[in-house]
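The values are calculated or read from the model by the stated rules, or taken from the named source; none is laboratory data. Remember, predicted model here, so these are calculated numbers, not experimental data. Please note: Cβ atoms are built from the backbone with ideal geometry, for glycine as well, and neighbour counts cover all protein chains shown. What goes into the accessible areas is simple: the full protein's heavy atoms, side chains included, and nothing from ligands, DNA or RNA. Shrake-Rupley method; radii C 1.70, N 1.55, O 1.52, S 1.80 Å.
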Amino acid sequence: MNRPLGGLLRETRTRIMLLYAALMLAAVGIAVPIFRHLLFAAVDSRVKTDLVEEAEEFQAVYANWEQSTTPTIDSLTTTINAFIADYIPEDDNFFIFLLDGQIVRANPPALPAVIGRESAPLETWQALDDYTLASQPSGDAAVGDILYVVQPLYIDGERRGQFVIAHLSAGERQEALAGIYVFAKVVAGLLGLAFLLAWLGTGRLLRPVRDLATTARSITETDLTRRIEMEATGELGELTATFNAMMNRIQSAFESQRSFINDAGHELRTPITIIQGHLELMGDDPEDQSETLDIVMNELDRMSRLVNELVLLMKSERSDFLHLETIEVATFTQSLYDKARTLADRDWRLQIETRGRLVADHQRLTGALLNLLKNAAQHTQASDSITLGCRHRDDQVEFWVQDTGDGIPLPEQDRIFDRFARVQHTHRRSEGSGLGLAIVRAIVEAHGGEVTLVSQPGQGAIFTITLPLEPPLEKTQRPTAPVVSVGHRLKAG
C-alpha cells in the first residue's frame with residue numbers, strides 16, 4: 001500500500017533512520033578533517049625521516065672529504081660533483097649546494113621558482129650556521145609546505161656554503177588525498193548499505209509496535225481476545241508483555257462486569273416479578289391489600305439490601321474504600337464474639353491467642369467477620385458449635401470462624417467466594433443474596449490479605465482471614481488514623 005510522503009516522514013522508523021543518518025554524517029564530517037590532518041602529519045614525519053637519512057649519507061661523504069684531502073673550494077666542488085653523480089634524491093626532493101652565496105649544483109638541475117635563485121627560502125638557508133631540520137609554508141597550494149634539512153659547509157673553520165635537501169609536500173599530499181577519496185567512496189558505499197540494512201532491521205525491531213497498533217485497532221467491545229505474539233526482547237518485549245497483560249486485565253474486567261450485570265439482573269428480576277405479580281392480582285379486599293403490601297415491602301427490602309451490597313462491592317475497588325486505624329486485636333475479637341452470640345442459639349466459643357495490634361478498617365473488617373459468623377449460623381443447628389479466634393503468625397494476623405455444621409461440598413468450594421454463589425445440595429438454603437462471601441473477599445483483598453476455606457462434607461468448615469499488620473500503601477493510599485481501641489478513640493496530642 002502506497003503511503004504519502006508526509007506519512008512516511010512521520011513514521012518512527014523514518015525518524016530513527018534520519019537521526020542515524022544525521023549522526024553518521026556528522027561523525028564523518030568531523031572525522032574527515034581529523035583524518036586528513038593526521039595523514040598529512042604522518043606523511044611529513046616520513047618525509048623528514050627520509051631527509052635526515054639523505055643528509056646522513058652526505059655527512060659521511062663530507063666527513064671523509066675533510067679527513068682525506070686538503071679542504072679547498074676546488075676539492076669540495078669535486079666532492080659535491082661526485083655525490084650528485086652517485087646519489088639520486090627521493091621523489092619531490094631536491095639537492096641544493098650553495099658556495100659563497102651561489103647555487104653551484106642542484107639535483108634535479110631545474111629548481112622550482114619557489115626554491116630557486118632569489119627565493120625567500122634560499123635566503124633563509126644561506127643565513128643558517130647550524131644543522132637545521134624544519135619546514136615552512138610556500139604560499140602556493142600547488143607546491144604545499146617546504147620541508148628541508150640544511151647542513152653548513154666549512155673550510156678551515158670558515159662557513160663557505162650549505163648543503164640543502166628540500167622537499168615540496170604537494171605531491172605526497174596529493175597521493176594521500178587520492179587515497180582519502182578512494183576511502184571516502186568505500187565509506188559512502190558502506191554507509192549506504194548500512195542505512196539499507198538498518199532500515200530493514202529497524203522495521204523488524206519495531207514490528208511489535210506495529211502489531212500493537214494493529215491489535216488495538218482490531219479490538220472491539222465484543223472481541224477482547226486479540227494479543228501480540230511474543231517475539232521481541234528487551235524494552236519492546238517488555239512493551240509487548242505489558243500490553244498483553246493489560247488486555248488480559250481488561251478482558252477479565254469486562255467479563256467480570258458482564259457476568260456481574262447478568263447476575264445482578266437475574267437477582268433483581270425475581271423480586272420485581274414478585275412485586276409486579278402481586279400488585280396486578282391485588283384486589284379491593286383490605287386484608288388482601290395488607291398481605292400484598294407486606295410482600296412488596298419485604299421484596300423491596302431485599303432489593304435494597306442487594307443494591308447496597310452491590311454498591312459495597314463496587315466501592316471495594318476504589319483507593320478510598322478503607323479508613324484505617326490501629327485496632328487492639330484481642331479487644332476487637334471479644335467485641336465481635338459478643339455480637340455473634342445474638343445471631344442464633346449455638347454453642348459459641350472464643351479463642352484469643354494474641355494481644356497485638358493491627359492496622360485495618362474497623363468497620364469493614366467487622367462486616368467481613370460478621371458475614372462469616374452469620375454464614376456459619378445459617379448452616380448449623382442448635383447443637384453445633386461455632387468458634388471465633390485470632391492469633392499472630394509472623395508479621396500477619398489471622399482470624400478464623402470454625403463451625404461443626406454440614407460442611408461445604410468439594411465442587412462448591414472453588415466458587416463459594418464468587419458473586420451470587422450459593423452452596424447447593426445442603427439441608428438449609430441461605431436466605432442471603434449470594435454476595436456475602438464475595439464481599440468478605442473484597443474487604444480482605446483491599447487490606448492486602450486473603451481468605452481461605454478448609455471444609456469436608458459432614459465435618460464443618462473453617463474460614464480463615466489472613467491480614468498483614470499494615471496493608472500495602474497502594475491498597476489504601478490513605479494515612480493511618482491515630483491509635484484506637486474498640487469502642488473509643490484516643491485523642492491525638
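Annotations
- Restricted to the stretch 393-406, and to residues there that are touching a residue at least 60 places away in the same chain (Cβ under 8 Å) and not in a loop (DSSP other than H, G, I, E, B), the residue that is farthest from the chain's Cα centre (by Cα) is GLN402.
- Every pair of residues 6+ apart whose Cβ atoms lie under 9 Å, when the first sits in the stretch 407-423 and is on the phi > 0 side of the Ramachandran plot while the second is modelled with pLDDT of 75 or more and not in a loop (DSSP other than H, G, I, E, B): GLY407/SER455; GLY407/ALA461; PHE420/ALA438
- Any chance ASP74 is open to solvent by 60 Å² or more (accessible area, probe 1.4 Å), touching a Gly at 6+ places or on another chain (Cβ under 7 Å) and at pLDDT 80 or above: no
- Residue identified as hydrophobic (A, V, I, L, M, F, W, C), at pLDDT 85 or above, in a helix (DSSP H, G or I) and open to solvent by less than 50 Å² (accessible area, probe 1.4 Å) among LEU177, LEU122: LEU122
- Single unsatisfied condition, PRO108 versus (1) closer than 18 Å to TYR154 by Cα; (2) open to solvent by 40 Å² or more (accessible area, probe 1.4 Å): (1)
- Residue count for the stretch 21-51, restricted to those that are surrounded by 14 or more Cβ atoms within 10 Å (Cβ to Cβ) and either under 30 Å from TYR154 (Cα atoms) or aliphatic (A, V, I, L, M) (or both): 11
- Among all residues of the stretch 340-356, there is none that is touching a Pro at 6+ places or on another chain (Cβ under 8 Å) and not hydroxyl-bearing (Ser, Thr, Tyr).
- Residue list for the stretch 135-146, filter: within 21 Å of GLU53 (Cα to Cα) and open to solvent by 30 Å² or more (accessible area, probe 1.4 Å): SER135, GLN136, ASP145
- Residue match in the stretch 438-447 (condition: modelled with pLDDT under 50, open to solvent by 80 Å² or more (accessible area, probe 1.4 Å) and within 46 Å of the chain's Cα centre (by Cα)): no
- Within the stretch 278-300, tally of residues that are of a type outside the set (A, V, I, L, M) and surrounded by fewer than 12 Cβ atoms within 10 Å (Cβ to Cβ): 8
- Residue list for the stretch 104-115, filter: without any contact (Cβ under 8 Å) to a residue 12 or more places away in the chain and assigned to a helix (DSSP H, G or I): ALA113
Condition check ((1) surrounded by 13 or more Cβ atoms within 10 Å (Cβ to Cβ); (2) at pLDDT 75 or above; (3) within 22 Å of the chain's Cα centre (by Cα)) across all residues:
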| position | (1), (2), (3) |
| --- | --- |
| ARG207 | yes, yes, yes |
| SER218 | no, yes, no |
| GLU231 | no, no, yes |
| GLU235 | no, no, yes |
| PHE243 | yes, yes, yes |
| MET246 | no, yes, yes |
| ASP263 | yes, no, no |
| GLU267 | yes, no, no |
| GLN276 | no, yes, no |
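- Of all residues making up the stretch 147-168, the number that are open to solvent by less than 10 Å² (accessible area, probe 1.4 Å) and farther than 20 Å from GLY101 by Cα: 2
- Elements of type strands (runs of 3 or more DSSP E) in the stretch 301-378, at least 2 residues being open to solvent by less than 40 Å² (accessible area, probe 1.4 Å) and not aromatic (Phe, Trp, Tyr): 325-328, 357-360
- Filter result for LEU168 (within 15 Å of VAL43 (Cβ to Cβ), in contact (Cβ under 8 Å) with a residue 60 or more places away in the chain and either among the hydroxyl-bearing types (Ser, Thr, Tyr) or touching a His at 6+ places or on another chain (Cβ under 9 Å) (or both)): no
- Condition check for GLN136: in contact (Cβ under 8 Å) with a residue 60 or more places away in the chain, in contact with a helix residue (DSSP H, G or I) (Cβ under 9 Å, 6 or more places away or on another chain) and either polar (S, T, N, Q) or part of a helix (DSSP H, G or I) (or both): no
- Checklist (1) farther than 15 Å from VAL164 by Cβ; (2) open to solvent by less than 50 Å² (accessible area, probe 1.4 Å) applied to ILE96, failing item: (1)
- In the stretch 379-409, the qualifying residues are those that are more than 15 Å from GLU450 (Cα to Cα), in contact with a Pro (Cβ under 8 Å, 6 or more places away or on another chain) and not aliphatic (A, V, I, L, M), and the one that is surrounded by the fewest Cβ atoms within 10 Å (Cβ to Cβ) is PRO409.
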